[in-house]
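Reading through the structure tokens given below for one structure.
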Amino acid sequence: MGDTVSHTVGATNVTPETLDPQDWRALRALSHRMVDDAIDYVAGVRDRPIWQPMPDSVRDYFDTPLPKDPQPLDRVYRELSENLMPYPMGNIHPRFWGWYMGAGNFTGALGDFLAAVVGSNLGGGDHAATRVEQQLIGWLKDMVGFPATAGGTLTSGGSMANLIGLAVARNVQSGGQIRETGVADAGSTMVFYASDQVHGCHCKALEILGHGNLALRKLPTDGRLRMDTHALRRAIAADRGAGLQPACVIATAGTVNTGAIDDLPGIAKICREEGLWFHVDGCIGALLAIAPDNAWRVATIEQADSIALDPHKWLHAPFDVGCVLTRDREAHFETFTLDQEYLQKTERGLAAGDWLYEYGPQTSRGFRALKVWMALKEHGVEKFGRLIDQDVAHAKYLAALIGDETDLAMVAAPTINIVCFRFDPGQLGEQHLKRINTEIMLRMQESGFAILSDTTVSGRHCLRVAINNHRTRQSDLDRLVGEVLRLGRDIA
Ligand SMILES: *Cc1c(COP(=O)(O)O)cnc(C)c1O
């Protein structure tokens, strides 16, 4: 039966409705135009402002009410060309160094498109998309030196990856009853350890998991902002003495403030001796493991019980995609498996494949894997490793430029790709410096020249440049230093 044939429901003739277009040819032409525009958009990104404030007309446009009547897709697209595309966050631009993002890549965009076209639900089942995700997870295990027998799942990002890692950790450490009895029974005395530089997502995770923030010991750091492992040993002993249950150490490979990498071998040893779960938050740094010049910095990461990492950071996948890997696949599965009458596995057919939803809290899951998988196939892992080295080398280069300027002061020298510095011509107090540097940051954002963010390290406010960007060139960093000096002198 063709689409246009009417059928009879009761006494009325009804043309069946669908979301498919009436005219595939027109859709084809529009789609080609979108792809052409998208290529121009990315190819020309360097020549546009990184970011610009939205005019009122754009804010108003996104306040229009729920559309009741149809409008042609080419008009919808034209409106988006005017109201969305010129006002991005800007992280695909070569001079975006704020917070911590990836710069995206066009293959990844095509991957997201094809993933949506296939439309498969990665909750599981025996179809090719689940094979893609499982293959990608195998490749990610390879990258960090995990055994093929390890478990893992893709997530929305590092926050969810860390949450899952900590959930597995505490379930194992509880002796297995916590899914039934809850934290009030099996988990009430558990303690988690991290440095005072730990990412905020771990606080959210421990709140959600029911342990609360008081269950997280934020240990002091040394001069290079790495966890003080002597303090870790003392805290574990003190907690045991107080009748508490030390459960898990969260080591950070690449802190969000400064890129510091905790002493992974030292922490691994303590965890082994003390019977603690060794979790590595490697959202920034785990993938250093594929970078020839810098892999040594994360040696021993392969001994972790669980690792959170972020393909949307150093693999530059379009947002969003994170990953958690777990050494003990069975323990991971036992944390999330369910026996549901409506999701039974069969011997044959579609339901014969793995149910991937049994490795995390989501049931329906998107096909996030394809964008990462395609870019890895296209470029090969070695190129991604070289790009990581390139970012680290850029940070060193920027640090050298800063060192040459008397009006700039380094606040935290880079370990990897994060540089913390400030405009400081001398003789000015902390509050005054913070005002000047904040103003430098804002003027750079508003002019569309560069995006930096700021932070406070050991009580000193500073500008923070996180070079996680395959489009950045040395000349961009030369210009950055010139612009910070120009603005700083102007403002001061
Ligand atoms: C980015 C980051 C996270 C959170 O990851 P998202 O992908 O943003 O959810 C966690 N830990 C560290 C160290 C990070 O840099």
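The values are calculated or read from the model by the stated rules, or taken from the named source; none is laboratory data. This is a predicted model, so every value here is computed, not measured. Methodologically, a virtual Cβ is constructed for each residue, glycine included, from the backbone with ideal geometry; neighbour enumeration extends over all protein chains shown. We work out accessible area using only protein heavy atoms, side chains counted, and drop any ligands, DNA or RNA first. Shrake-Rupley method; radii C 1.70, N 1.55, O 1.52, S 1.80 Å.
Points to keep in mind about this one:
- Accessible surface, per residue, of the range 414-492 when the full set of protein chains is kept, probe 1.4 Å, Å²: 40 Å²
- Exposed loop sites are taken as GluC sites (Glu not before Pro) in a DSSP loop (any state but H, G, I, E or B) with at most 13 other beta carbon atoms within 10 Å; the longest stretch of the chain without one runs 18-340.
- Database remark: amide H of Gly152 closer than 5 angstrom to the amide H of Thr326 (H placed geometrically; neighbours at sequence offset of 5 or more, or on other chains; Pro and chain starts carry no H).
- For Glu274, net neighbour charge (Lys/Arg +1, Asp/Glu -1) across residues whose Cβ lies under 9 Å away: +2
- Low-density loop cleavage sites - trypsin sites (Lys or Arg not before Pro) in the range 329-418, where at most 16 other Cβ are within 10 Å (DSSP): Lys345, Arg348
- Summing +1 for each Lys or Arg and -1 for each Asp or Glu among the other residues whose beta-carbon sits under 14 angstrom from that of Pro292 gives -1.
- Rounded to the nearest 20, the Cβ-based charge dipole of the chain about its Cα centre (Lys and Arg +1, Asp and Glu -1) stands at 880 debye.
- Protein accessible area in the chain, 1.4 Å probe - carbon and sulfur %: 53 percent
- Gain on full extension, evaluated as 0.36 nm per residue between Leu19 and Gln177 minus their Cα-Cα distance, stands at 52.1 nm.
- Length gained on full extension, Val117 to Tyr342: 78.4 nm, using 0.36 nm per residue less the C-alpha separation.
- Label-to-label distance, nm, for residues given as Leu350 and Lys396 (7 Å Cα→Cβ offset): 5.3 nm
- Around Arg329: net Lys/Arg minus Asp/Glu count, Cβ-Cβ under 12 Å: -4
- For the range 31-48, Karplus couplings with θ = phi - 60° (6.51, -1.76, 1.60), whole Hz, Gly/Pro x: 4, 4, 5, 4, 5, 4, 4, 5, 5, 4, 4, 6, 5, x, 4, 4, 8, 9
- Mean-position separation - Cα centroids, the range 106-170 and the range 410-443, in angstrom: 39 Å
- Amide H contacts under 5 Å for Leu219, placed H, 5+ residues apart: Ala194, Ser195, Asp196
- Per-residue ellipticity at 222 nm computed for the chain from its helices equals -13000 deg cm²/dmol, with DSSP H segments shorter than 4 residues left out and the rest contributing -39,500 (n - 2.57).
- Rounded if a/c under 1.5, otherwise prolate or oblate - the range 11-115, Cα gyration tensor axes: prolate
- Estimated inter-spin distance, Arg48 and Ser188, nm [label 7 Å along Cα→Cβ]: 5.6 nm
- Karplus-based coupling profile of the range 422-432, in residue order and whole Hz: 8, 6, 8, x, x, 6, 10, x, 4, 4, 5, with θ = phi - 60° in 6.51 cos²θ - 1.76 cosθ + 1.60 and x standing for Gly or Pro.
- Overall form of the range 412-492 per C-alpha gyration tensor (a/c, 1.5; a/b vs b/c): oblate
- Couplings 3J(HN,Hα) for the range 199-212, derived from phi with the Karplus relation 6.51 cos²θ - 1.76 cosθ + 1.60 (θ = phi - 60°), are 5, x, 5, 6, 5, 4, 4, 6, 5, 5, 6, x, 8, x Hz, where x marks Gly and Pro.
- With an a/c value of 1.5 or above and a/b not larger than b/c for the gyration tensor axes a ≥ b ≥ c computed over the alpha-carbon atoms, the chain is described as oblate.
- Heavy atoms of the protein chains alone define the surface here; on that basis the range 35-87 has 76 Å² accessible area per residue at 1.4 Å probe size.
- Accessible area of the range 136-182 divided out per residue, in Å², using a probe of 1.4 angstrom: 33 Å²
- Close amide H contacts of Gly125 (hydrogens built in the peptide plane, cut-off under 5 Å, sequence separation of 5 or more or a different chain): Gly353, Asp354, Trp355, Leu356.
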